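What follows is one structure encoded as structure tokens, with my remarks underneath.
The values are calculated or read from the model by the stated rules, or taken from the named source; none is laboratory data. As the structure is a prediction and not an experimental result, all values here were calculated from the model. When we count neighbours, we look across all protein chains shown, and the Cβ atoms used for this are built from the backbone with ideal geometry, even at glycine.
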């Protein structure tokens, strides 16, 4: 039996959740996920700024936030309700990643650490970060696509 990657399991679970809720079957093609990494990072940075504007600490940072390295922006979402919905939806997806993946996404995508800096801060091998970060982004991308938070190209 072939091994199933982690993102595929998450994509199937998310698709089952969506189809149970809407009666439609959503599919995510493994080959197209890397095409969405940039859009996923942009959405995560938007989520990061929106969370802080709402006075919430983004999920991956939790209690170990330390110094915030995010850039400030004057960009605002259209309303408080839209901002809250975005934050809650992205938060729900991020919470489905394991703790290590959440930390990676928080450090690299949201706080804009380099992979080398993230490896040092997390006290792990740089090769591990270089391998696991794209995997975590792909898992998250699959969830965001299935939930409709990212538009398909």
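Listed by first and then second residue, the pairs linking a residue in segment 78-90 that is more than 17 Å from residue 146 (Cα to Cα) to a residue that is surrounded by 14 or more Cβ atoms within 10 Å (Cβ to Cβ) and modelled with pLDDT of 90 or more, with Cβ atoms under 7 Å apart and 6 or more places separating them unless they lie on different chains, are 83/50. For segment 110-133, the condition holds for no residue, the condition being that it is out of contact with any helix residue (DSSP H, G or I) (no Cβ under 9 Å at 6 or more places or on another chain), within 23 Å of residue 28 (Cβ to Cβ) and at pLDDT below 95. As a summary of the residue check, residue 136 satisfies the conditions (1) part of a helix (DSSP H, G or I); (2) exposed (fewer than 14 other Cβ atoms within 10 Å of the Cβ) except for the one numbered (2).
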